[in-house]
Amino acid sequence: MELLFLGTGAGVPGKMRNVTSIALKMLNERGTVWLIDCGEATQHQILHTSLKPRRIEKIFITHLHGDHIFGLPGLLGSRSFQGGIEPLTVYGPAGIRAFIETALHVSNTHLQYPLYIEEIEEGTVFEDDGIIVTAGKLDHGIYSLGYRFAEKEKPGELLVDLLREDNIPPGPIYKQIKEGKQVTLTDGRKIDPDKYTSDPQPGKIVTVLGDTRPCDMAVQLSLGADLLVHEATFNAENKKMAHDYYHSTTSQAAGMAMRAGVKSLCLTHISSRYTREDERQLLNEAKELFQPVIIARDFLEVLIN
């Protein structure tokens, strides 16, 4: 799993930061890419990357402020014009259907692929054999969601060297052992699969929060995450402004990471009032409470270890 930040700014596009969009790349695990939010010009940002719009399988919208959704109609249309035929599902709060359908209808845009729109609330919004996606309501001026992407436990690795030491011949038997099945060899030996596989591997957990003040749900969605992506629209000095506008400061984001016991923190949704020179101060404010922490920039890629 990797995160690719396509836009990391707050409110309006800037010269250094486009508005919010994040790609969750699961090419090795699932052969797909999911987006979280799709601010204006997200498809322009994608042009500067190796991402292919047709590989985007799902889009999760945190809330309906323009800096998080204005890129949707263009991206959906271009995906079709570029030959994308695979189904795509958009998840988001109530109103996302009307926004998308109105934009496509008024612009006479006809998609060549099945588009599904799921208007969601809190709870499990997607689950299959490999991953579960949970949404929770945050504290913002409008209905805003955070998402927890939790891979399910993976089977242990096959201990090939031990199998060879015990003269267990390779072939279909190895696959059965890896799948946890008990097998009987031609010489009559019964093989316990647990002996020849390592312990199951815990799945990775990534939490991406929409715009929010500090709140208990932010902590709940982030518990034990390998990576928490948290908005940090303002610096610590502007705590009152952050509260008034339903946002968080760098220090508050770090406090959420500390409470949730996450492994690492990434700050995003940075106000355009802050320059590259200000980023060191923003980072240090967060580091006073939590480490490791980084500040996202457009096109930053983060491998989820």
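The values are calculated or read from the model by the stated rules, or taken from the named source; none is laboratory data. Being a predicted model, the structure only gives us computed values, none of them experimental. Using ideal geometry, Cβ is built from the backbone for each residue, glycine included, and neighbour counts are taken over all protein chains shown.
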Any pair with Cβ under 8 angstrom, 6 or more apart, that starts in region 90-112 at a residue that is in contact (Cβ under 8 Å) with a residue 24 or more places away in the chain and ends at one that is outside any loop (DSSP other than H, G, I, E, B) and polar (S, T, N, Q): Thr109/Ser80; His110/Ser80; Leu111/Ser80; Gln112/Ser80
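Please determine, by comparing only the residues of region 274-305 that are of a type in the set (D, E, K, R) and in contact with a helix residue (DSSP H, G or I) (Cβ under 8 Å, 6 or more places away or on another chain), which one is surrounded by the most Cβ atoms within 10 Å (Cβ to Cβ). Lay out the reasoning, then the answer.
We begin by selecting, within region 274-305, every residue of a type in the set (D, E, K, R); these are 276-280, 285, 287-288, 297-298, 301.
Applying the additional criterion that residues be in contact with a helix residue (DSSP H, G or I) (Cβ under 8 Å, 6 or more places away or on another chain) yields 285, 287-288, 298.
Details: Glu285: 21, Lys287: 15, Glu288: 11, Asp298: 18.
Filtering first and then ranking leaves Glu285.
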Close pairs from region 1-16: first among the charged types (D, E, K, R), partner in a loop (DSSP other than H, G, I, E, B), Cβ under 7 Å, at least 6 apart: Glu2/Ile304
Some residue of region 69-79 being of a type outside the set (Asp, Glu) and within 15 Å of the chain's Cα centre (by Cα): no
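In region 215-246, how many are aliphatic (A, V, I, L, M), part of a loop (DSSP other than H, G, I, E, B) and over 16 Å from Ile270 (Cβ atoms)?
Final tally of qualifying residues: 2.
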Top-ranked residue of region 136-161 - restricted to ones that are buried (at least 17 other Cβ atoms within 10 Å of the Cβ), touching a residue at least 60 places away in the same chain (Cβ under 8 Å) and among the small types (Gly, Ala, Ser), ranked as nearest to His247 (Cα to Cα): Ser144
Qualifying residues in region 76-114 (those that are surrounded by 16 or more Cβ atoms within 10 Å (Cβ to Cβ) and aliphatic (A, V, I, L, M)) - the one nearest to Val133 (Cα to Cα): Val90
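Answer yes or no: is there a residue in region 153-161 that is within 33 Å of the chain's Cα centre (by Cα) and in a strand (DSSP E or B). Explain how you work it out, then say what you get.
Start the filter on region 153-161 by keeping residues that are within 33 Å of the chain's Cα centre (by Cα), which leaves 153-159.
Among the residues that remain, those that are also in a strand (DSSP E or B) are: 154, 158.
Yes - at least one qualifying residue is present in region 153-161.
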Residue ID - modelled with the highest pLDDT, chosen from residues in region 172-204 that are more than 20 Å from Glu157 (Cα to Cα) and of a type in the set (Val, Ile, Thr): Thr184
Near pairs, Cβ below 7 angstrom, 6+ apart or cross-chain, from region 276-301 (closer than 12 Å to Met16 by Cβ) to any residue that is basic (Lys, Arg) and at pLDDT 95 or above: Asp298/Arg17
